[in-house]
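Visitor: Quick one: this structure, given as structure tokens, is what I'll be asking you about.
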Amino acid sequence: MLAIGEFSRLTHLSVRTLRRYHEAGLLEPAAVDDATGYRSYSPDQIPVAQVVHRLRELDVPLPDVRRILLSDDPALRAGLVTDHLRRLESELDRTRAAVASLRRLLEPEPAPVDVELRAVPATTVAAVEDEVTSVDVLGWYAGAMAELDTVVTAPTGAPGGLFDDGLFEDASGHALVYRPTDRPTTVGRVHPVTLPAVELAVTTHVGAHDDIDVTYGRLGAWVVANTLAVAGPVREVYLVGPRDTPEPSAWRTEIGWPVFRVASP
């Protein structure tokens with residue numbers, strides 16, 4: 001048997017950590033002296049202590065650590081660890097995207113935004129539309145676009161979307177996604193919609209949408225300086241996206257801001 005100090009040195013876990021693991025039910029000593037309360041450990045517990053330490057370093061939740069230690073099923077243990085690693089990778093991706101966005105914002109001389117003023121005629125498209133919240137809009141978009149892909153077998157252009165100001169201002173509002181086609185039909189949620197003619201200030205966002213808000217901000221600043229913004233849904237056109245290539249650096253999204261031109265920029 002090993003005293004807690006010896007076990008601490010062998011596992012590189014502090015005495016305080018070992019006590020905390022004991023109290024949490026993660027690593028109980030092999031014996032506890034009834035009179036003194038001294039904890040003693042078995043050499044066989046060294047690998048267990050190291051496993052607990054590694055799992056906690058990865059922020060595996062305590063209930064999952066217990067399940068991993070108590071389970072005799074290797075597949076279950078591997079599944080629990082794999083699920084947590086996926087969550088860590090997802091959080092890391094979000095952190096990297098936030099860092100990239102912050103770097104763009106902190107550039108001392110932001111790259112000038114390339115804007116085109118474009119008159120877009122009225123167009124009839126196949127569309128799916130609904131009232132959505134900003135929290136649900138990505139899931140709603142994926143489902144709506146999948147439905148459009150099934151119904152529209154011969155699209156005549158890139159897909160797009162219209163998003164009301166309420167989605168940005170109040171976190172809920174009207175959203176519409178569409179696919180251009182010569183013969184839009186009604187099937188399920190898909191139905192013909194005529195998009196009204198509009199004048200737009202258009203720029204292209206390059207890459208994934210994690211920092212598309214930065215491009216929105218630069219386009220908005222350009223609109224304020226050069227034209228008169230008008231009420232109306234912002235338009236997006238997905239020239240290249242995840243449905244075309246899994247490489248985010250190749251994605252291209254046009255953003256169209258409704259404007260009323262008052263002078264030549």
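The values are calculated or read from the model by the stated rules, or taken from the named source; none is laboratory data. Computed from a prediction, not measured in an experiment: that's the story for all the values here. Backbone-built Cβ (ideal geometry, glycine too); neighbour counts: all protein chains shown.
Visitor: What are the residues in region 1-19 that are within 17 Å of E57 (Cα to Cα), surrounded by fewer than 13 Cβ atoms within 10 Å (Cβ to Cβ) and modelled with pLDDT of 85 or more, if any?
Guide: S14, R16
Results for (1) surrounded by 13 or more Cβ atoms within 10 Å (Cβ to Cβ); (2) modelled with pLDDT under 95; (3) farther than 16 Å from L239 by Cα, shown as yes or no for each residue.
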{"residue": "A126", "(1), (2), (3)": "yes, no, yes"}
{"residue": "E129", "(1), (2), (3)": "yes, no, yes"}
{"residue": "S134", "(1), (2), (3)": "yes, yes, yes"}
{"residue": "G139", "(1), (2), (3)": "no, yes, yes"}
{"residue": "A144", "(1), (2), (3)": "yes, no, yes"}
{"residue": "V152", "(1), (2), (3)": "yes, no, yes"}
{"residue": "L162", "(1), (2), (3)": "yes, no, no"}
{"residue": "G166", "(1), (2), (3)": "yes, yes, yes"}
{"residue": "E169", "(1), (2), (3)": "no, yes, yes"}
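Visitor: Another question, then. Looking at R183, R179, can you tell me which residue is among the charged types (D, E, K, R), assigned by TED's automatic domain parsing to the domain that holds T227 and part of a strand (DSSP E or B)? Before you say what the answer is, go through the steps one by one.
Guide: Values: R183 fails: part of a strand (DSSP E or B).
Within the list R183, R179, the selection yields R179.
Visitor: How many of the residues in region 243-256 are surrounded by 14 or more Cβ atoms within 10 Å (Cβ to Cβ) and part of a loop (DSSP other than H, G, I, E, B)?
Guide: Qualifying residue count for the region: 1.
Visitor: Would you call L85 out of contact with any strand residue (DSSP E or B) (no Cβ under 7 Å at 6 or more places or on another chain), of a type outside the set (V, I, T), at pLDDT below 80 and more than 26 Å from A3 (Cα to Cα)?
Guide: So L85 fails the test.
Visitor: A further question on this structure: Across region 25-55, what is the number of residues that are polar (S, T, N, Q), under 16 Å from L70 (Cα atoms) and over 36 Å from the mean Cα position of the chain (by Cα)? If you could, list the steps in order and put the result at the bottom.
Guide: Here is the first cut: in region 25-55, the ones polar (S, T, N, Q) are 36, 40, 42, 45, 50.
Adding the requirement that they be under 16 Å from L70 (Cα atoms) leaves 45, 50.
Retained after the next criterion (residues that are over 36 Å from the mean Cα position of the chain (by Cα)): 45.
The qualifying residues number 1.
Visitor: If you don't mind, another one. Is region 215-229 home to any residue that is touching a residue at least 40 places away in the same chain (Cβ under 8 Å) and assigned to a strand (DSSP E or B)?
Guide: no
Visitor: Could you count how many residues in region 1-23 are hydroxyl-bearing (S, T, Y), free of Cβ contacts under 8 Å to residues at least 40 places away in the same chain and either under 16 Å from P43 (Cα atoms) or touching a strand residue (DSSP E or B) at 6+ places or on another chain (Cβ under 8 Å) (or both)? Even if it seems obvious, please write down each step before you answer.
Guide: Filtering region 1-23 down to residues hydroxyl-bearing (S, T, Y) leaves 8, 11, 14, 17, 21.
Adding the requirement that they be free of Cβ contacts under 8 Å to residues at least 40 places away in the same chain leaves 8, 14, 17, 21.
If we keep only those that are either under 16 Å from P43 (Cα atoms) or touching a strand residue (DSSP E or B) at 6+ places or on another chain (Cβ under 8 Å) (or both) too, we end up with 8.
Total meeting the criteria: 1.
Visitor: Another question, then. So how many residues does region 179-206 have that are out of contact with any helix residue (DSSP H, G or I) (no Cβ under 7 Å at 6 or more places or on another chain) and either without any contact (Cβ under 8 Å) to a residue 24 or more places away in the chain or not β-branched (V, I, T) (or both)?
Guide: The number of residues fulfilling the criteria is 12.
Visitor: What's the number of the only condition in (1) under 23 Å from the mean Cα position of the chain (by Cα); (2) loosely packed, with under 15 Cβ neighbours inside 10 Å; (3) of a type outside the set (V, I, T) that A197 fails to meet?
Guide: All conditions are met except number (1).
Visitor: Name, by its number, the condition in (1) under 21 Å from the mean Cα position of the chain (by Cα); (2) of a type outside the set (D, E); (3) modelled with pLDDT of 95 or more that does not hold for V202.
Guide: (1)
Visitor: Which numbered condition trips up T186, out of (1) farther than 27 Å from R96 by Cα; (2) touching a His at 6+ places or on another chain (Cβ under 9 Å)?
Guide: (2)
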